[in-house]
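Taken together, the values in this text are just the output of simple stated rules run on the coordinates, not laboratory data. Every value quoted in this text rests on a predicted model; they were computed, and no experiment measured them. Positions of Cβ are generated from backbone atoms using ideal geometry, with glycine treated the same way; all protein chains shown enter the neighbour counts.
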Amino acid sequence: MSELTFIIGGTRSGKSAFAMKLAKKQKHVCYIATADSGRASQVDDGEMLERIQKHRKNRPSDWETVEAPLELDKAVSNLNGTFDVVLIDCITLYITNMLLGGSNETGDEYIIDAINKLCIVCKKIPSHVIIVSNEVGYGIVPNSALSRRFRDIAGYANQIIAKEADNVYLVTAGIETKIK
């Protein structure tokens, strides 16, 4: 039976660790990374590549990993429900990929539509889907138009996913609180 769990929190709050703890309760897990290690190396972003490597190292070796920086709905759908758990980490990086031109479409409506499509697919497959996202609305008002646009889109995306989710957890300082 399908189930959608949404885990949200600030940067370095422990949300990914909590998501992995939930996923480890099952045997057959697929980790969908929205970071693309090929892309990080292409832009010569050593810090991002280091983060990707750390995330990989922390995952159990028997988990399958799929890199899907774009078209998450298709990546989830292509799994054909063959996994007990699908863990998607993270939505804000997915939004960044679309926003910064990783796809042919970059408009706000396109991004929100992509989030809605993802929710539909996640609710249809028989796997338990766990989605991780950053809560970016607690911070200061960004000083650039692009940063404000990102914050707004991320906020709308998080609301959409939370509404569709069966369970929602807020993680703060490594402590998870079920809020739905």
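Figures for the structure shown
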| item | result |
| --- | --- |
| GluC sites (Glu not before Pro) restricted to DSSP loop in region 89-142 with at most 15 other C-beta within 10 Å | GLU105 |
| Surrounding net charge for VAL132, when Lys and Arg each add one and Asp and Glu each subtract one, Cβ distance under 10 Å | 0 |
| FRET efficiency estimate (nearest 0.05) - Cβ-Cβ, ARG148 to LEU70, R0 30 angstrom | 0.85 |
| Amide H contacts under 5 Å for ILE131, placed H, 5+ residues apart | THR5, PHE6, ILE7, ILE88 |
| Gain upon complete extension [LYS24, TYR156; 0.36 nm per residue less C-alpha separation] | 44.6 nm |
| Long-range amide H partners of THR65 with built H, under 5 Å | TYR31 |
